[in-house]
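Visitor: Before we start, here is the structure in question, set down as structure tokens.
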Amino acid sequence: MPSQPEAPQPVNPFQQLEALVKRLRSEQGCPWDQAQTTVSLKKYLLEEAAELAEAIDQGDFALICEEAGDLYFVLTLLLVICEEQGACSPAAALNAISAKMLRRHPHVFAAPEGAIFSPEQLKAQWQRIKEEEKQGKYE
């Protein structure tokens, strides 16, 4: 097998996983990974999520770690395929969820220091922000 030039090393585990998946999807990669589509991955996504849920039920942290890694892999593969089709990239998905969680947690990231909120206030705030998102307020 011909050797490949060394690619720059990713700076974090998410980038490392994305680079690995892109290599698996490349012409020199794995036929199974190359053949996957968003539709074909649905069953693996559900299987891995169920396996993670089972590990949680068992309270087995080593298994939780393993199954969470499997789920990260399937999600990354799914997003790389989406990116190949000109849609969402792994970075875009991570940026979007970070922005959403910042938006939905103003009591953590924007409230005056020492402010205290009841569980009811936090639930109402979460629902209000979700509704605003649906109405396109944050696009």
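The values are calculated or read from the model by the stated rules, or taken from the named source; none is laboratory data. All values reported here derive from a predicted model rather than from experimental measurement. Reconstructed Cβ throughout: ideal geometry from the backbone, glycine too, with neighbour counts over all protein chains shown.
Visitor: In the stretch 59-96, what residues are in contact with a Ser or Thr (Cβ under 7 Å, 6 or more places away or on another chain) and farther than 15 Å from Thr37 by Cβ?
Guide: Across the stretch 59-96, the qualifying residue is only Pro90.
Visitor: Looking at (1) of a type in the set (A, V, I, L, M, F, W, C); (2) assigned to a helix (DSSP H, G or I); (3) more than 20 Å from Pro13 (Cβ to Cβ), find the lone condition where Ala115 falls short.
Guide: With respect to (1) of a type in the set (A, V, I, L, M, F, W, C); (2) assigned to a helix (DSSP H, G or I); (3) more than 20 Å from Pro13 (Cβ to Cβ), Ala115 is out only on (2).
Visitor: Based on this model, can you work out whether Cys30 counts as within 21 Å of Asn12 (Cα to Cα) and modelled with pLDDT of 95 or more?
Guide: So Cys30 fails the test.
Visitor: Can you confirm whether Cys88 is surrounded by 11 or more Cβ atoms within 10 Å (Cβ to Cβ), in a loop (DSSP other than H, G, I, E, B) and not basic (Lys, Arg)?
Guide: yes
Visitor: Within the stretch 122-130, does at least one residue satisfy the condition of being under 20 Å from the mean Cα position of the chain (by Cα), assigned to a loop (DSSP other than H, G, I, E, B) and within 30 Å of Leu17 (Cβ to Cβ)?
Guide: Looking through the stretch 122-130, none of the residues is under 20 Å from the mean Cα position of the chain (by Cα), assigned to a loop (DSSP other than H, G, I, E, B) and within 30 Å of Leu17 (Cβ to Cβ).
Visitor: Checking the conditions here, which among Ser98, Ser89 is within 19 Å of Leu20 (Cα to Cα), hydroxyl-bearing (Ser, Thr, Tyr) and within 24 Å of the chain's Cα centre (by Cα)?
Guide: Ser89
Visitor: Is it the case that Ala50 is surrounded by fewer than 17 Cβ atoms within 10 Å (Cβ to Cβ) and under 19 Å from Gln16 (Cβ atoms)?
Guide: Taking the combined requirement at face value, the residue does not satisfy it.
Visitor: To continue, here is another question. Which one is nearest to the chain's Cα centre (by Cα), of the residues in the stretch 10-32 that are in a loop (DSSP other than H, G, I, E, B) and over 12 Å from Pro90 (Cβ atoms)?
Guide: Val11
Visitor: Let me ask another. Please state which of the following conditions Tyr138 fails to meet, knowing it meets all the rest: (1) touching a Lys or Arg at 6+ places or on another chain (Cβ under 8 Å); (2) farther than 30 Å from Leu20 by Cβ; (3) assigned to a helix (DSSP H, G or I).
Guide: Of everything listed in (1) touching a Lys or Arg at 6+ places or on another chain (Cβ under 8 Å); (2) farther than 30 Å from Leu20 by Cβ; (3) assigned to a helix (DSSP H, G or I), Tyr138 misses just condition (3).
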